[in-house]
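Here's the structure, in structure tokens; my notes come after.
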Amino acid sequence: MRKAFLLGAALVAAPAIGQTRAGNQLAPKSQAAMPRTPGIPYRPTGIPDRIVLTPAADASRGAAVAWRTDPRQTQAVAEIGVALDSPGTARDKRQVSGTSFPLDAVNGPSIYHQVRFAGLQPGTAYVYRVKGADGWSEWLPFHTPAASPAPFTFLYFGDTQNRILEVASRVIRQAFRSTADPALVVHAGDLVAQREEKAHDDEWGEWAAAGGYNYATIQQLPATGNHEYVDVPGPAGQENRLIGPHWQPSFTLPRNGAPGAEATSYFVDWQGVRFIVLDGTSALDLGTLASQTRWLDATLAASKARWNVVLFHQPIFTCARPNDTEELKAAWKPIFEARGVDLVLQGHDHCYSRLTSEQGRDASNRARAAGRVQGPVYLVSVVGSKMYALNDRAATQPDRVAEDTELYQRIDVDGDRLTLRSFTATGRLYDGFRLNKRRDGRNRLEVLSDRPIDTRRCAGNVGPDGFPCTARGR
């Protein structure tokens, strides 16, 4: 049975989108026994919270926002205008209405709201605010990107998932503190540990608190991981996967994804880069691999961007698990290579890996020394506290690895150069490379001459910092 959501003041039936159901309720029995956050700080109120800004497909012309309130605020209402330098805040202010989704969870009933801002001007500073029953949010600033290629910086976060506010938040905040004016953030799935650690709504509260103001003012591109899904018993006792009830209300994403995975796949164009987001869980477990593969190929074929970056959760080449994700590798790797994908950003393995040659590190080094083109570059990284031990292939296949290490990545795009640097939780440089694009669209990879710290691996039960290794086997 379809749940209902509120559109303006009218109560209407929510359409089923892919594997998601708008307004799904968390089963009270499944959540009642889960650990709760001390003090129960994540109850909804009349003041907007969990504010997350996301881009439109053409980010230079549009953006969108999602937020949460208590049930008294039944309508999604926001205001937006061009930012001013005076206390007047904004000119050409306008009010925009959207869609609202009720969600009942362990912290009590709430309503999530979504508004899309259309008709924006490229390269322009805006401010917006969103409404709750007891008042508006503060005015929140953001910039639209230029309509043509221009330099910018973005951040890449692997899995946050576990001990989000306690441990993972320091990495997220270090990334924002040390990066001047990032334009956007990409998340490689498993934002939360859903099904595993705490009551779902508390975990989503922690995720929003970890990013806070930055998630409301810097645009976010999230991918789903397997932990964004919940297991639901079927009529014959089998386990069925559904996208968790928080996903669709929490992110107002572009509506341009693959058939069957419309709520979890999409693409965004940003200043000369096309970001393509896939759903590996849906592809592997819910029968959308063929649809997403066709959509991926068509979306890359239509791309006019100088750079193409693909984001999803389950890695093509694993650094912790004994076997690669063969179904995704067989379907997607040939397309990445044929269509000239530059970066493939992934999570899931809770270790770090940079890989450019399936034949191994030595083959990659020889190709680079000979000046041959290389790519795509496959990255796996992790923000959160859960760590997996590196697999046997990690010693010879990837160009750079780490275990028992929290990391974030800064990527700078500037014309025909794309530079990626990986930093540890304390802000130390761990890895870095630059892709130099030739006239034919192919890349030459240059390892940066900056002096990163030594390879971080556990030695038996001793971790790279001299404390017990937390990386466990898969």
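Structure notes:
- Residue, farthest from the chain's Cα centre (by Cα), within region 206-234, restricted to residues that are outside any helix (DSSP H, G or I) and within 17 Å of residue 312 (Cβ to Cβ): 229
- Among (1) outside any helix (DSSP H, G or I); (2) closer than 19 Å to residue 358 by Cα; (3) of a type in the set (A, V, I, L, M, F, W, C) - the single one residue 330 does not satisfy: (1)
- Hits in region 425-447 (condition: part of a loop (DSSP other than H, G, I, E, B) and either not aliphatic (A, V, I, L, M) or not assigned by TED's automatic domain parsing to the domain that holds residue 344 (or both)): 426, 427, 428, 438, 439, 440, 441, 442
- Residue list for region 172-205, filter: crowded, with 22+ Cβ neighbours inside 10 Å, assigned to a helix (DSSP H, G or I) and over 15 Å from the mean Cα position of the chain (by Cα): 200, 201, 202, 203, 205
- Cross-chain or 6+ apart pairs with Cβ under 9 Å, region 223-242 first and in the same structural domain as residue 347 (by TED's automatic domain parsing), then modelled with pLDDT of 80 or more and among the basic types (Lys, Arg): 226/241; 229/241; 230/241; 231/241; 232/241
- Residue 291 vs. criteria in the same structural domain as residue 227 (by TED's automatic domain parsing), over 19 Å from residue 419 (Cα atoms), free of Cβ contacts under 8 Å to residues at least 40 places away in the same chain and touching a strand residue (DSSP E or B) at 6+ places or on another chain (Cβ under 6 Å): no
- Residue satisfying condition, being touching a helix residue (DSSP H, G or I) at 6+ places or on another chain (Cβ under 8 Å), among the polar types (S, T, N, Q), assigned to a strand (DSSP E or B) and at pLDDT 95 or above, within set 353, 422: 353
- Test for residue 281: is it β-branched (Val, Ile, Thr), buried (at least 22 other Cβ atoms within 10 Å of the Cβ), modelled with pLDDT of 95 or more and touching a strand residue (DSSP E or B) at 6+ places or on another chain (Cβ under 9 Å): yes
- Once region 211-246 is narrowed to residues that are crowded, with 24+ Cβ neighbours inside 10 Å and among the aliphatic types (A, V, I, L, M), the residue that is modelled with the lowest pLDDT is 243.
- Within region 434-474, the set of residues being free of Cβ contacts under 8 Å to residues at least 12 places away in the same chain and either buried (at least 16 other Cβ atoms within 10 Å of the Cβ) or hydrophobic (A, V, I, L, M, F, W, C) (or both) comprises 459, 462, 467.
- Against the conditions (1) out of contact with any helix residue (DSSP H, G or I) (no Cβ under 8 Å at 6 or more places or on another chain); (2) part of a strand (DSSP E or B), residue 85 satisfies every one except (2).
- Restricting 368, 393 to those that are of a type in the set (D, E, K, R) and either under 28 Å from residue 275 (Cβ atoms) or touching a helix residue (DSSP H, G or I) at 6+ places or on another chain (Cβ under 9 Å) (or both) reduces the list to 368.
The values are calculated or read from the model by the stated rules, or taken from the named source; none is laboratory data. Predicted, not measured: the structure shown is a model, and the values here were computed from it. Don't worry about glycine lacking a Cβ; one is built from the backbone with ideal geometry, like all the others, and counts go over all protein chains shown.
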